[in-house]
Amino acid sequence: MKTTKSIFFVLIALSVILFNSCSPEDSDELIIDESYEGADYLFESEMILGDKKEITYTIENMQRAFSNLSKTGRLDEDFSIETTDLYVRFLPADTTDIKLLKQDTSITLFDHPLDFEIEQIGSWYHDPSIADSLPTWQYTVVDVKYNFPLVKYEVLANLFMVDEDDDTMSSGRISQGTWERLEEEALRISGNLDEENLNSGRSLGRWRPAGCLRVEENSATTGNGKMLPIEGVEVIARRGLKFSKKRTDRNGCFSMNLRFRNSVKYSVKWEVINRYRVANPYGLSRTYNRPGGYTKSRWQQDIRRNVHGREVWTEATVAKAIREFHRQAEEHRIKVPGLHNNIKIRLKYGSKSSNVVNGSFRHNPIYPVLGGGTNTVVMRNMLRNDVKFYVERNDGTSVIFRVMMHELGHMSHILEAGVNFQFSYVRDPMLVESWAECTEYYFTKPYYPNSISSMPDQTRRTIIAGGTKSWQYTPFFIDLKDGTNQSIIRPYGATTNDYANDNVAGYGLERMLKALDNRTTLRGVQEFLINNYNYGTENNIERMRDFYENIKDNHD
């Protein structure tokens, strides 16, 4: 009975935290995270649409092109024009609908209609007929046999298109030569053929969009640095309803599978490895559109803070940091998002502390959502994988890396042990933050060792000197792995009580996380490691833990 009562009181405490951990704007009944009224969101300019264009690939246009070619004897194959694809738009009602759409990695979503010219390049578009507090229409092209999710949608046009894969036609419907002639004629009669092609009197052939993306390493103290490749982000090349996408490789480079006859518009979605995305307030990926409109050139882009603006530079730097977190997580065998998980990084300006409290209850909620109406909406608002990432005006690359490694370290804890994370948040917040300090230290060290060099050597006084909650941020987990005993190498004049007696070493992060999957306090982690592993220093963990427990018990 005592255990049952304890669990009951913990559930009550969790309920209080669940609702009090959100700011007033998060507690709004809207199903989005926050409306565009939040001025501290990172935003670039809004996209402005121009004139509506005729769609090249409609059944009507393709039939006209087929007829024209047949009359002039330029078709040597007999086939029928029938619907192969659909130009559609989805209207997600809430974050649940957005999740359903994002789970389908076979489709590419655009927040603006694809049959309009773009008068002004921007990073986002919102249909003026949709309230700013709600997600806007999402446009794409899908196969005619596409299995639509339970999200509102409209079919805007029936299309005839052929799958193109390098130099072969994967569908087997018609030969590549026939398709190229048909496509060119459809482009011409719909008014969508590039002027240089139209006036040349001959086909100029097709080309393959490619390029490389890099971001400038920047520091408020040292200024501009080298260019860093941006790996794992999704680049899109588009002309009308025809588009191709490719993720950048380790050098930040890409080469599309599809080839185009016309010039294209390039854009990059800050969505890394299809599992992490730099998100707008609705949870959809933020986008950077290449300036300058249509081009037939490679997209060679070096994103510089003082040239492209801090918004684009910050997005690119965050994307770079996310990829390196994922690389370190793979090396240390730390849990990363799976097929049905997406981590949303919401960038904001300000001096507030970044946090994942909004997302901490996204996995394995330990009590059901009761009732309906407002309660359901509020709960659905909270059950998300969110990281609110605050950046200040002068934050450089190393600062962004550190914060990203810390906050995604929290997410690894949540992904591994959602229920235990919730209990730990109430019972032992020192465990929660000390684990994130560990990922911050070890994951940042390969890139910016000087920025985290002091983290393992904190004294009792430095741990509690940072504010009312600074006592939670300790090197307990760092000490489990490193081979340095700070109490032995302490500076002259320091006392034994200033440093933890860290005569412990060798524990890998994978095994630490395994302990977090089974325990919810520092004492529990200590007991799990002693009982399950043998590194020769198990008997010293308790003494080290007592040092941090003493800080916890005596903090102001």
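The values are calculated or read from the model by the stated rules, or taken from the named source; none is laboratory data. Here the structure is a predicted model, which means the values were calculated and not measured. Heads up, the Cβs are rebuilt from the backbone with ideal geometry, glycines too, and the neighbour counts pull from every protein chain shown.
Annotations
- Considering region 71-83, and only residues there that are over 19 Å from THR58 (Cβ atoms) and charged (D, E, K, R), the residue that is surrounded by the fewest Cβ atoms within 10 Å (Cβ to Cβ) turns out to be ASP78.
- Test: LEU86 is surrounded by fewer than 19 Cβ atoms within 10 Å (Cβ to Cβ) and aliphatic (A, V, I, L, M): no
- Contacts under 6 angstrom Cβ, first residue in region 171-191 being under 20 Å from TRP207 (Cβ atoms), partner of a type in the set (Lys, Arg) and surrounded by fewer than 17 Cβ atoms within 10 Å (Cβ to Cβ), 6 or more apart: ARG181/ARG74
- At least 1 residues being more than 30 Å from VAL141 (Cα to Cα), of a type in the set (A, V, I, L, M) and modelled with pLDDT under 90 is the threshold, and among the helices (runs of 4 or more DSSP H) wholly inside region 1-109 those reaching it are 2-20.
- Filtered residue count, region 99-110, keeping only those that are farther than 19 Å from SER267 by Cα and either crowded, with 17+ Cβ neighbours inside 10 Å or basic (Lys, Arg) (or both): 2
- Matching entry among GLY293, GLY283, GLY232 (being touching a residue at least 60 places away in the same chain (Cβ under 8 Å), in contact with a Ser or Thr (Cβ under 6 Å, 6 or more places away or on another chain) and assigned to a loop (DSSP other than H, G, I, E, B)): GLY283
- Residue list for region 110-153, restricted to those being among the hydrophobic types (A, V, I, L, M, F, W, C), under 20 Å from the mean Cα position of the chain (by Cα) and modelled with pLDDT of 90 or more: PHE110
- Annotation note: of TYR507, TYR548, the sole residue that is in a helix (DSSP H, G or I), modelled with pLDDT of 85 or more, under 37 Å from the mean Cα position of the chain (by Cα) and among the hydroxyl-bearing types (Ser, Thr, Tyr) is TYR548.
- Filter result for the condition that a residue is basic (Lys, Arg) and farther than 30 Å from GLU510 by Cβ, over LYS320, LYS296: LYS296
- Of all residues in region 249-279, those that are surrounded by fewer than 18 Cβ atoms within 10 Å (Cβ to Cβ) and outside any loop (DSSP other than H, G, I, E, B) total 1.
- Positions within region 71-96 being touching a residue at least 40 places away in the same chain (Cβ under 8 Å), out of contact with any strand residue (DSSP E or B) (no Cβ under 8 Å at 6 or more places or on another chain) and not polar (S, T, N, Q), in sequence order: ARG74, LEU75, ASP76, GLU77, PHE79, ILE81, GLU82, ALA93, ASP94
- Test result for ASN355, out of contact with any Pro (no Cβ under 7 Å at 6 or more places or on another chain), over 24 Å from ARG250 (Cβ atoms), modelled with pLDDT under 80 and not aliphatic (A, V, I, L, M): no
- Within region 424-469, tally of residues that are over 23 Å from GLU330 (Cβ atoms) and of a type in the set (Phe, Trp, Tyr): 1
- Residue check for VAL155: out of contact with any Ser or Thr (no Cβ under 8 Å at 6 or more places or on another chain), under 29 Å from ASP386 (Cα atoms) and among the β-branched types (Val, Ile, Thr): no
- Any hit, region 519-533, residues being in a loop (DSSP other than H, G, I, E, B) and either of a type in the set (D, E, K, R) or surrounded by fewer than 16 Cβ atoms within 10 Å (Cβ to Cβ) (or both): yes
To keep it simple, each residue is scored yes or no on (1) closer than 30 Å to LEU228 by Cβ; (2) touching a residue at least 60 places away in the same chain (Cβ under 8 Å).
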| position | (1), (2) |
| --- | --- |
| ILE452 | yes, no |
| THR459 | no, no |
| LYS481 | yes, no |
| ASN485 | no, no |
| ARG519 | no, yes |
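- Restricting attention to region 111-170 and to residues that are among the β-branched types (Val, Ile, Thr), part of a loop (DSSP other than H, G, I, E, B) and touching a helix residue (DSSP H, G or I) at 6+ places or on another chain (Cβ under 9 Å), the residue that is surrounded by the most Cβ atoms within 10 Å (Cβ to Cβ) turns out to be VAL162.
- Hey, THR462 over 17 Å from ASN540 (Cα atoms), assigned to a helix (DSSP H, G or I), of a type in the set (S, T, N, Q) and at pLDDT below 90 or not: yes
- Scanning region 327-355 for residues that are in a helix (DSSP H, G or I) and crowded, with 19+ Cβ neighbours inside 10 Å returns GLN328, ALA329.
- Unmet requirement for GLU164, which otherwise passes all of (1) at pLDDT 85 or above; (2) out of contact with any strand residue (DSSP E or B) (no Cβ under 6 Å at 6 or more places or on another chain); (3) among the acidic types (Asp, Glu): (1)
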